[in-house]
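The values are calculated or read from the model by the stated rules, or taken from the named source; none is laboratory data. These numbers were taken from a predicted model, which means no experiment stands behind them. We place every Cβ from the backbone using ideal geometry, glycine too, and count neighbours over all the protein chains shown. Just so you know, the surface numbers come from the protein's heavy atoms only, side chains and all, with ligands and any DNA or RNA stripped out. Shrake-Rupley method; radii C 1.70, N 1.55, O 1.52, S 1.80 Å.
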Amino acid sequence: MATSFEHPHDAAWFDLRIESYIDGELPEAERALFAERLLHDAELRRQVALAERVSLSLAAVERPLCSEEMVARVEAISQGVSGSGSGMRILSQRSPRVTPLRLLRWPVGIAACAALSLMVIRGIGGFPETTDTVLDPASETYTQAEIDAALVEAKFALAVVSDAGRHAGTTVREAVIQRHLVRPVNTKLENTVFGARAPTN
Amino acid sequence: MKKLIAAILVAAAPLFLAPQASAQVQDARGFVDITQVESWFSDEPTIEVNIRGALLNLVAEASRFEDPELADMLRRLKAIQVRGFDLSGVNDDLLRRSGDLGRSLESKGWETIVRVRDDGDYVQMYLLADGDVIEGMVVLAVDEYDDEAMFVNIVGEIRPDQIGRIGRKFNIGALEDR
């Protein structure tokens, strides 16, 4: 895009500040620079308009609830504490170029986008209905309790199959192999062996 | 800004793909509409399990540390469906209907691997295979002593020895009590 507007800051400088500008979080000097650039840069105006639409959409989305466990873990990470026995470990610090505000925006933004996407999918009838009255795939989220319950149910199903297979195997072994193979052969052998050794007295 | 848009697309992509994945479960060769057996009984099922799609993945992930082999098996499955019914008050058509269902499966390429009727126990097991890969399993088990009928359909890549080995670790009674 051609523009005659010259500015000491490059396009990336403005790009990084679009969200802060929308949220009114830029320092006054930077805000003035940004506003001035907007007057002359059509591409930047387009980016700002897009960001405003995204921001409004996200603001309208119901905030996903975060479990207390997750909050505790995030707090532990933010304090630089390695969770005792939790398997969490802070390997490195983030780049100092990334502001804490931006760090916070990513997970919130992604979570909000996920919720928005779910609402869209449900709105267009995405997930097909099932007859499941216990756990419905159309549910937007699963609690840990639901996942644990499903794990128990999966184990139960496997146990049923295993039990049926074991029972069938036992039946086949006893009713077929033992009755029609092992016993007749044993009887035949006994008759043959002991018949041959029959007492002669 | 571009990163934010990219994040939106990345976050949303699996969710938009989810309906397609869920629909594929019902299109899978090993999938059996197990709800058809519900019409055989006057009462609601006493046990109803439908685990598929994202939930099945979550369940596999939840068992990863506790039982890696179970997690490995669950990851290769597409669906687990169970219906359990109380036999009290059931008409005598149950075994005939089970036989009809078995013949229907056989006509669709399923192989009968077990059919046992022994002193109040009735077990039918069917497998649907594509070459060496088993794509589905159906178990119909009727226990007249316990007045219980169980219908199981497992969809996905199945290794029967793995199911037997893993399933033996779980005690049905203990799981039912939970």
Inset, instruction - Residue by residue through the stretch A:32-53, note down the ones that are within 16 Å of A:W13 (Cβ to Cβ), of a type in the set (G, A, S) and open to solvent by 40 Å² or more (accessible area, probe 1.4 Å). - result: A:A32
Legend entry - Counted residues, the stretch B:52-90 - those being of a type in the set (V, I, T) and over 19 Å from B:L140 (Cβ atoms): 1
Inset, instruction - Please verify whether the stretch B:64-74 includes one or more residues that are in a strand (DSSP E or B) and among the aliphatic types (A, V, I, L, M). - result: no
Legend entry - Single residue of the stretch B:65-107 satisfying the filter (acidic (D, E) and out of contact with any helix residue (DSSP H, G or I) (no Cβ under 7 Å at 6 or more places or on another chain)) that is most open to solvent (accessible area, probe 1.4 Å): B:D92
Inset, instruction - Return a yes/no flag: does the stretch A:171-186 have any residue that is closer than 30 Å to B:E38 by Cα and modelled with pLDDT under 75. - result: yes
Legend entry - Residue pairs meeting the criteria (Cβ under 7 Å; at least 6 apart or on separate chains; first more than 7 Å from every other protein chain (Cβ to nearest Cβ), in the stretch B:47-58; second in a helix (DSSP H, G or I)): B:L56/B:L74
Inset, instruction - Answer with yes or no whether B:D86 is farther than 26 Å from A:T143 by Cα and under 12 Å from the mean Cα position of the chain (by Cα). - result: no
